[in-house]
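Only one structure is covered here, and it is reproduced in the block below.
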Amino acid sequence: MTLDSEYLRGSVAAVHSVLKHASCPENVYFHFIAAEFDPASPRVLNRLVRSTFPSLRFSVHIFREDKVINLISSSIRQALENPLNYARNYLGDLLDPCVERVIYLDSDLVVVDDIQKLWSTKLTGSRVIGAPEYCHANFTKYFTPGFWSDPVMSRVFASRRPCYFNTGVMVMDLVRWREGNYRKRIAMWMEIQRQRRIYDLGSLPPFLLVFAGNVESIDHRWNQHGLGGDNVRGSCRSLHPGPVSLLHWSGKGKPWARLDAKTPCPLDHLWEPYDLHHESSMSSKTNDLSSASVAGLSSYL
């Protein structure tokens, strides 16, 4: 999970939710990825996590934004251009080689089931990642007409049956990731995007180009996504049909912001019980984070 001053409140709620529902919370280990030049500094973020969750087993890995900054192209929403959104591409490099498998989670979600169930996902064959797939979605809309009209580029999907998947929840085999040099494969598409625009979203399309059609399909209950609304308006959304193990506020609207503004969507109240933020603590202003009080943050159990 990434860790930054802007989404810190969401990250804390996500961690709280994982621990609350885990059958063995003592077995959960968090790897946080923090930007080198975050306004709060990785050291301050580390201290805030430790103060909030004294018993948590975790480490903070520093992501150098200059690794990716020159590969990022403009997106339909500025937040999608944050270099930390691309940190998932570098997990094979950032984490020690002894870390062979991870679950990647976005910071705008809560888990309402035992994370061990997701961890037990088997990645069959040579598959590198597992995620809920949404094959009913219009896959063509994730790329520009220029991409589809190019016979060479569009041929990347010729031997696959690609389906949309959300990269905010993924089970990842880092051994296969490193062996296949998937970071470089994703970067290649980002370089092409810089030369000629082939998509409008941020970090998602390069993942689709590399993996769509070769993903271990996980039950939809593990990513009830889109609760933040679309990437422009951030309108309210309802749950997809079926059971729920993970609620994900992907999209423009974030539950903490709408709750604070007293304009919440109905489902934002499902996030609220995991919020450890108090008005007197963890100031939302990044320049206050270095001296933020953690008195309003409770222990996770």
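Per residue of the chain, the DSSP helices (runs of n ≥ 4 H) give a summed -39500 (n - 2.57) that works out to -6500 deg cm²/dmol at 222 nm. Going toward the positive end of the dipole of the chain, with +1 on Lys and Arg Cβ and -1 on Asp and Glu Cβ, which of 145, 240, 217 do you reach last? It is 145, whose Cα lies furthest towards the positive end.
Each of 175, 135, 31 was scored by the projection of its Cα onto the charge dipole of the chain, and the greatest displacement toward the positive side belongs to 135; charges sit on the C-beta of Lys, Arg, Asp and Glu. Annotation for the range 1-70 versus the range 119-159: alpha-carbon center distance of 29 Å.
Each Lys and Arg Cβ is given +1 and each Asp and Glu Cβ -1; about its Cα centre, the range 133-238 then shows a dipole of about 240 debye. Leaving out ligands, DNA and RNA, and with a 1.4 Å probe, what % of the accessible surface on the chain is carbon or sulfur? Its accessible area is 50 percent carbon and sulfur atoms.
Basic side chains Lys and Arg get +1 at the Cβ, acidic Asp and Glu get -1 at the Cβ, and with that the dipole of the chain about its Cα centre reaches some 660 debye. Per-residue Karplus couplings for the range 250-263, computed as 6.51 cos²θ - 1.76 cosθ + 1.60 with θ equal to phi - 60°, are listed in order as 5, x, 5, x, 10, x, 5, 5, 6, 5, 5, 7, 6, 10 Hz, Gly and Pro entered as x.
Considering all alpha-carbon pairs of the range 150-257, what whole percent are spaced by more than 19 angstrom? Value for the range 150-257: 55 percent of Cα pairs lie more than 19 Å apart. Relative to its residue count, the chain spans a Cα convex hull of 129 Å³ per residue.
Under 19 Å of direct C-alpha separation, and excluding same-chain neighbours fewer than eight residues apart, residue 117 reaches these lysines: 20.
Near residue 172, once Lys and Arg are set to +1 and Asp and Glu to -1 for all other residues with Cβ below 15 Å from its Cβ, the sum equals +1.
Each of the peptides 84-95, 11-22, 46-57 was scored by the mean count of other Cβ atoms within 10 Å over its residues; in descending order, highest first, they stand as 11-22, 84-95, 46-57. Counting only DSSP beta bridges whose two residues both lie in the chain, roughly 50 percent are antiparallel.
For the range 42-166, the Cα-based Rg and Dmax, in that order, read 18.2, 55 Å.
Applying a 4.7 Å cutoff between beta carbons, the unpaired cysteines of the chain are 24, 98. Principal semi-axes of the equivalent ellipsoid, √(5λ) from the alpha carbon gyration tensor of the range 131-196, are 22, 18, 11 Å from largest down. Per residue, the accessible area of the chain comes to 46 Å² when a 1.4 Å probe rolls over the protein heavy atoms.
The values are calculated or read from the model by the stated rules, or taken from the named source; none is laboratory data. Computed from a prediction, not measured in an experiment: that's the story for all the values here. Reconstructed Cβ throughout: ideal geometry from the backbone, glycine too, with neighbour counts over all protein chains shown. Heads up: the accessible areas ignore ligands, DNA and RNA and are worked out on the full protein's heavy atoms, side chains in. Shrake-Rupley method; radii C 1.70, N 1.55, O 1.52, S 1.80 Å.
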